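Each remark here refers to the structure printed beneath this line.
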Amino acid sequence: MPVNSFEDYHMNWKPDKERLKHPYYLSLAEQLEHDIKNGKLQENSKLPPQRELADYLDINLSTITRTYKLCQKRGLIYATVGKGTFVSPHIGVQTTVVSHQDETAIEMGMVFPFDEDNCVVRKVASELLAKPSAEEYFDYSFPLGSPFQKNMMKKWLEEFGCSVDTDHILITAGGQNALSIVLTSLFSAGDKIAADPYTYANFIGLANMLNIELIPIKSDDLGINPGELEKVCRLISIKGIYLMPSWSNPTNQCMDAKRRSELAKVIMEQDLIVLEDDSYAILSEERIPPLATLVPDRTIYINGFSKPISAGLRVAALAFPERFKVLLERGLFNLNLKTPSLNIEIAAELIRSGVYREILQKKRERAVFRNRHYQEILGAFPHTIHPRSFFQWFPIPRNCTGRAFEAMMAVQGVCVYGSERFALGDTENNHFIRIATSSPQDENTLRKGLQIIKAGCLELSQKDTMLIV
């Protein structure tokens, strides 16, 4: 029998007892999902404490715990340490980022990292395929990469301050593939990984697929706050941390050397596995040592070729410590068998010849040029503009959600991504859009898209009502 009387007791959610059926935890999860998706429970509304709900339903506390955990895995609810459990503000939001299909739209959602130099990549590919030994690129030889290829990957990593021997480098089919190998090899369903409150959307999608829980850690302009990370680690069991310390996607946060050192100390104390995704390190004017140099025995460092060289060149170098060698190599074999040799050879030849440096420099120059247009059109709105980045993190009026602004722009022929795609848990009513300045086909198209965004913001700023989707 329930301990308390609930006749006149307020609870944000009272499941229908008559609809309960075995197994109770699944039945409750279905009710909760139904009530959220049908608007009975609003975004960010607090759910009853587990003991209170168990008392109301006269069932075991463990059943409620299983229900809440299942709904967390489904992305329906989120927990905030010390505050309780809340309805997710992002139900139905697409997190995994895929290309926009409307060819008439101005693409500023997906980040296309300038493809003008793909002709250089094509030339290298043609020269390689013209070699008498080109058939070797299509067989199963060197599943972990040839000695030449691994040496070139070592050189590539050294470009970004990560120095390891070739026995501790894997060559994967791009950065996303590298993350897949790491998560499936070193983590299990139910494990918890700390991350920025706004983080790489496709990492969120991947973690959700594998039922790995991402825990948002409060951050500032320099990224994750070390004190907040330590506090959360003391309260719950965190196994790893996902970081983009150099120009994080989507916020453009960049950790200085001091912040990295402070984080490294907490990481060592809490024995965390570090996933260091350095996809945008090319944007840095100065080379700040990566976390892999501060905590080398627990960091997996990933740096790919898609953003710096060519979007379609799906190759990434993954550096790892000895303790993970067997598990990661097994993971690569199980997921890939091997990374396509032709792709690796193209990347390796670009490194050997030094041509990659020319491509990197041109991309940086184009980014600066594009962002001057951005500064001219949207610079009057208070926010930080990063002149070398391929995208900008733009705060929209507080009376509009990122999801609603994304939909509003789509009607006007502009594709942008609302902040809900990148969000973990409660975002405290702060709403943004990510604007990919590198993606429009030319500067005139970029300016047209930015003017439409500006007009939309000015229109919203004159309204009092909240625009949501």
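Read the figures in this text as sums done on the coordinates, not as results from a lab. Every value quoted in this text rests on a predicted model; they were computed, and no experiment measured them. When we count neighbours, we look across all protein chains shown, and the Cβ atoms used for this are built from the backbone with ideal geometry, even at glycine.
Taking label points 7 Å from Cα along the Cα-to-Cβ direction, Ala407 and Lys155 give a separation of 5.2 nm. Comparing Ser261, Trp247, Leu222 along the charge dipole axis of the range 210-277, the residue lying farthest to the positive side is Ser261, per the Cβ-charge model. Calculated [222 nm] ellipticity per residue, helices only, for the chain: -12500 deg cm²/dmol; basis is -39500 (n - 2.57) per DSSP H run with n ≥ 4, divided by all residues, nearest 500. Basic side chains Lys and Arg get +1 at the Cβ, acidic Asp and Glu get -1 at the Cβ, and with that the dipole of the chain about its Cα centre reaches some 100 debye.
With contacts taken as Cα pairs under 8 Å and at least 6 residues apart, the chain reaches a relative contact order of 19 percent.
Rg and Dmax of the chain, based on Cα coordinates, read 23.9, 84 Å.
The value of relative contact order for the range 17-87, using C-alpha pairs under 8 Å at least six residues apart, is 37 percent. The relative contact order of the range 331-437 comes to 24 percent, based on Cα pairs under 8 Å that sit 6 or more residues apart. The long axis of helix 402-411 is offset from the longest Cα principal axis of the chain by roughly 60 degrees.
How far is helix 175-186 tilted, in degrees, relative to the longest principal axis of the Cα atoms in the chain, given as a value from 0 to 90 rounded to the nearest 10? Roughly 60 degrees, rounded to the nearest 10. Of the beta bridges in the chain, as assigned by DSSP with both residues counted there, near 55 percent are antiparallel. Per-residue Karplus couplings for the range 52-69, computed as 6.51 cos²θ - 1.76 cosθ + 1.60 with θ equal to phi - 60°, are listed in order as 5, 5, 4, 5, 4, 8, 6, 10, 5, 4, 4, 5, 5, 4, 5, 4, 5, 5 Hz, Gly and Pro entered as x. In terms of packing, defined here as the mean over residues of other Cβ atoms within 10 angstrom, the peptides 66-74, 307-315, 321-329 line up highest first as 307-315, 66-74, 321-329. Near Gly190: Cβ cut-off under 9 Å, other residues only, Lys/Arg at +1 and Asp/Glu at -1. The net charge is +1. Multiplying the residue separation of Glu30 and Ser353 by 0.36 nm and removing their Cα-Cα distance gives an extension gain of 110.5 nm. For the range 124-353, DSSP calls about 40 percent of its internal beta bridges antiparallel. Relative to the dominant Cα principal axis of the chain, helix 257-270 is inclined by about 60°. Here the range 103-181 and the range 405-456 have alpha carbon centers that stand 30 Å from each other.
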